[in-house]
Amino acid sequence: MSKVKPSPLPPDTLIGGYRVIRRVAAGGFGVVYQAIDPDGQQVAIKEYLPASLVSRAPGDLLPQVAPEKLSLYRLGLKSFFEEGRSLAQISHASVVSVMNFFRENETVYMVMNYLEGASLQEYILIARDLKQEKVFRESTIRSLFDEILRGLRIVHQHKMLHLDIKPANIFITDDNKSVLIDFGAAREVLSKEGNFIRPMYTPGFAAPEMYRRDSAMGPWTDIYAIGACMYACMQGYPPVEAPQRMSNDRMTLALKKLQGVYSDNLIEVVQWCMALDPLARPQSVFALQKELNTVGELRYTRLSVGEKVRLQFETMVAGTKKTVLKATNIGHRAT
């Protein structure tokens, strides 16, 4: 039976002088509320509330932590607090603005500017359902990620990593600004100390090194996720998750289908960002920005009829192999 998620704070709860209006979102590591500050302005408040470590009954304020999980809970709490402190020092239009952070109810709250709009993930789902050749225009993808990279570059200059870049964490405001939200520092600390790495990351957007405890992470880790987000904007779907790519990488085949739809340069940029070897990726946001922005005349290499037939055949063969492998595995389990 699945564990019951901790209950959010009820409407009209007062925390740190802010009045909770409603729960906006909830994830594995926290709950985000819409709230009103003492001056009557709308804010967003994120509460550290890791579902795997705590419980909370409806109407209660204090999270309940089992004694054997207390040290891990406190470790994540410290990391979440430090994340708030670091983000409060960053002032950039493309990075969520942290205005305040405080301890209360034996947890930590992070107060941010309240954004009106929708996530990139929502836009991808809408665009995908239109079933057009291009999910997004190339110019849209380039301008969107140019904005996000400007913010990410500042984050990296502050010796921080995001570690959970995905379309759901790229917010498009009603006045057409792109903002990075929901950083994953506490998530990363808990994954290092706890025994539950896999659920910590979003399949398809997490770099291979995030699945291994002995691998160094750096700007190249966030850059992999940026490439995966670009891929999702082009395909309408997330890429295959890294561990599966390590055993059977079909990324080149998937991107080849987009030849003629998107420029060779954009396809090459995505491949570069999503290299399985961290050293084969751009090592800094600046290097990626330079390539994304210094594009001359764009080439669109269209597949010949023969190439399209071969590509379709290769895809069919791959699908058949997958079906056979799945059936074989079921047979093994049955015996």
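Would the range 77-90 turn up any residue that is out of contact with any Phe, Trp or Tyr (no Cβ under 8 Å at 6 or more places or on another chain), surrounded by 14 or more Cβ atoms within 10 Å (Cβ to Cβ), at pLDDT below 95 and β-branched (Val, Ile, Thr)?
The answer is yes; a qualifying residue exists.
Quickly run through the range 252-286 and pick out the residues that are free of Cβ contacts under 8 Å to residues at least 60 places away in the same chain, closer than 25 Å to Leu161 by Cα and surrounded by fewer than 19 Cβ atoms within 10 Å (Cβ to Cβ).
Glu268, Gln271, Trp272, Ala275, Asp277, Leu279, Ala280 - these are the residues of the range 252-286 that are free of Cβ contacts under 8 Å to residues at least 60 places away in the same chain, closer than 25 Å to Leu161 by Cα and surrounded by fewer than 19 Cβ atoms within 10 Å (Cβ to Cβ).
Which condition number in (1) crowded, with 22+ Cβ neighbours inside 10 Å; (2) under 24 Å from Leu130 (Cβ atoms) is the one that Ala225 fails?
In the conditions (1) crowded, with 22+ Cβ neighbours inside 10 Å; (2) under 24 Å from Leu130 (Cβ atoms), Ala225 misses (2) alone.
Residues in the range 157-166: is at least one surrounded by 14 or more Cβ atoms within 10 Å (Cβ to Cβ), assigned to a helix (DSSP H, G or I) and in contact (Cβ under 8 Å) with a residue 60 or more places away in the chain?
The answer is no; no qualifying residue exists.
Within the group Val285, Val269, which residue is touching a His at 6+ places or on another chain (Cβ under 7 Å) and at pLDDT 60 or above?
Val285
Can you report the number of residues in the range 262-277 which are outside any helix (DSSP H, G or I) and of a type in the set (S, T, N, Q)?
So the first thing to find is which residues in the range 262-277 are outside any helix (DSSP H, G or I), and the list is 262-263, 274-277.
In the following step, the residues that additionally are of a type in the set (S, T, N, Q) were identified as 263.
Number satisfying all stated conditions: 1.
Just checking, which of Val135, Val96 is touching a Cys at 6+ places or on another chain (Cβ under 7 Å) and buried (at least 19 other Cβ atoms within 10 Å of the Cβ)?
Val135
Any residue in the range 121-129 that is of a type in the set (S, T, N, Q), in a helix (DSSP H, G or I) and within 22 Å of Cys233 (Cβ to Cβ)?
Of the residues in the range 121-129, the ones of a type in the set (S, T, N, Q) are 121.
Filter once more, so that each one left must be in a helix (DSSP H, G or I): 121.
Keeping just the survivors that are within 22 Å of Cys233 (Cβ to Cβ) gives 121.
There is at least one residue in the range 121-129 that is of a type in the set (S, T, N, Q), in a helix (DSSP H, G or I) and within 22 Å of Cys233 (Cβ to Cβ).
If I filter the range 62-113 down to residues being of a type in the set (Asp, Glu) and not in a loop (DSSP other than H, G, I, E, B), which single residue comes out as farthest from the chain's Cα centre (by Cα)?
The selected residue is Glu68.
Just need a number here: residues in the range 101-122 that are surrounded by fewer than 21 Cβ atoms within 10 Å (Cβ to Cβ) and in contact with a Phe, Trp or Tyr (Cβ under 8 Å, 6 or more places away or on another chain).
6
Here are the criteria: (1) modelled with pLDDT of 90 or more; (2) of a type in the set (S, T, N, Q); (3) assigned to a loop (DSSP other than H, G, I, E, B). Tell me which single one Ser52 does not satisfy.
If we test Ser52 against (1) modelled with pLDDT of 90 or more; (2) of a type in the set (S, T, N, Q); (3) assigned to a loop (DSSP other than H, G, I, E, B), just (1) comes out false.
Among the residues in the range 182-203, are any modelled with pLDDT of 95 or more and buried (at least 16 other Cβ atoms within 10 Å of the Cβ)?
No, there is no match, as no residue in the range 182-203 is modelled with pLDDT of 95 or more and buried (at least 16 other Cβ atoms within 10 Å of the Cβ).
The values are calculated or read from the model by the stated rules, or taken from the named source; none is laboratory data. What you see is a predicted model; the values in this text were computed from it and never measured. Cβ: placed from backbone, ideal geometry, glycine included. Neighbour counts: every protein chain shown.
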